[in-house]
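Read through the structure below, which is laid out as structure tokens, and then see the notes.
Derivation of every value follows stated rules applied to the coordinates shown; laboratory data play no part. Keep in mind it's a predicted model, so treat the numbers as computed, not measured.
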């Protein structure tokens, strides 16, 4: 937030895309990120699961919030984790 020049108190939503929101990456990771980024406890956190398109979906949600709800600022990110399977 500091590097971007954004006041954490102005962020209404933190929207995080996560391909596998269970286990170590679960527990509403967007809310955890909002708190760790210094946002007040009144900032909402939304974790989106669309597998490979989680990041793209977070962009769409944030854009909609800005255009329709007149939200002044939203933060969005994605953390997609994939496992490779080796076959014989």
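Please give the contour-minus-distance gain from residue 71 to residue 37: 0.36 nm per residue of separation, less the Cα-Cα distance, rounded to one decimal in nm.
So the chain would gain 10.3 nm between residue 71 and residue 37.
Based on a Kirkwood Rh over C-alpha pairs, give the Stokes-Einstein translational diffusion coefficient of region 1-42 at 25 °C and viscosity 0.890 mPa s in µm²/s.
Reported coefficient: 221 µm²/s.
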